[in-house]
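Asker: Quick one: structure below, then a few questions.
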Amino acid sequence: MKRAAVIAMVCAALLAGCAEKDEAEQANTPAPGASASAGGEPTLPTKLGDAAYPLTGLTWVKGDPVTISPGKVYVVEFWATWCPPCRDSIPHLTALQKKYEGRVTFIGVSQEPVDVVKPFVTAQAEQMDYTVAVDTTKKVGRGYMIAFGQGGIPHAFVVDGAGKVVWRGHPLEPIEPVLDQVLAGTYEVSG
């Protein structure tokens, strides 16, 4: 087995343990595909092509707060400081942020405590040159990772100009062709 595959499996196992801890919290979250609750909770996406979950309740550690807005494209990536494949993807995401500057906004989202993420991001200032947030309420993680049945990190989601999740996968997968097509308006959602 390749080293990266083994590391990804370890990260997935660790994240699965964290998911069990969140099970009680999830009981109060609308099921995927459910309408907004009386409390105004957004509907969770259930498949590619559904509206992206809003980036609300995040603590912004680096960069300005981001709101998903029509006409703009986003890459929302879930990661953790303890995850070697996540750390391996940081320079790649930074290069992509520079390549698509002004056209695509990259946001790294961690569910770790702010006092863990902030010093890590500060130490990685030049290598991690994109917006970073902490999901202190864990709602955004539920709106992406859990809604799409994902337990392993790093995992990225592309949100198109219509505010819809159109692609998801490992951030080191060939994402540039997807972004190019999304920006050109020629990307067709599949799967």
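What follows is calculated from the coordinates using simple rules that are stated; it is not laboratory data. This structure is a prediction, so every number in the text was calculated from the model and none was measured. No Cβ is skipped: glycine too gets one built from the backbone with ideal geometry, and neighbour counts run over all protein chains shown.
Asker: So if R0 is 25 Å, what FRET efficiency would residue 170 and residue 103 give, r being the distance between their Cβ atoms, rounded to the nearest 0.05? Walk me through the numbers on the way to the answer.
Answerer: Numbers: r = 22 Å, r/R0 = 0.87.
The pair residue 170/residue 103 has a calculated efficiency of 0.70.
Asker: Using label points projected 7 Å from each Cα along Cα→Cβ, tell me how many nm separate residue 46 and residue 72, to one decimal.
Answerer: 2.9 nm
Asker: Continuing with this model, one more query. Could you tell me what percent of the DSSP beta bridges with both partners in segment 62-135 are antiparallel, to the nearest 5?
Answerer: Details: 1 of 11 bridges.
That works out to approximately 10 percent antiparallel.
Asker: Let me check I've understood the local charge: for residue 167, count other residues with C-beta under 13 angstrom from its C-beta, Lys and Arg +1, Asp and Glu -1. What total comes out?
Answerer: Numbers: positive: 47, 164, 168; negative: 50, 77, 160, 173, 176, 180, 188.
Local charge sum for residue 167: -4.
Asker: Next question. Over 24 Å between C-alpha atoms is what I'm after, so list which of 62/99; 118/164; 99/138; 98/138; 72/98; 139/164 land there.
Answerer: Numbers: 62/99 19 Å; 118/164 29 Å; 99/138 30 Å; 98/138 28 Å; 72/98 16 Å; 139/164 18 Å.
Listed pairs above 24 Å: 118/164; 99/138; 98/138.
Asker: Let me ask something additional. If you restrict to DSSP beta bridges whose two residues both lie in segment 89-169, what percentage is antiparallel, to the nearest 5?
Answerer: Values: 4 of 8 bridges.
Looking only at bridges with both residues in segment 89-169, the antiparallel portion is about 50 percent.
Asker: Report the Cα centroid-to-centroid distance between segment 35-114 and segment 126-143 in angstrom, as an integer.
Answerer: Each part reduced to its Cα centre gives a spacing of 6 Å.
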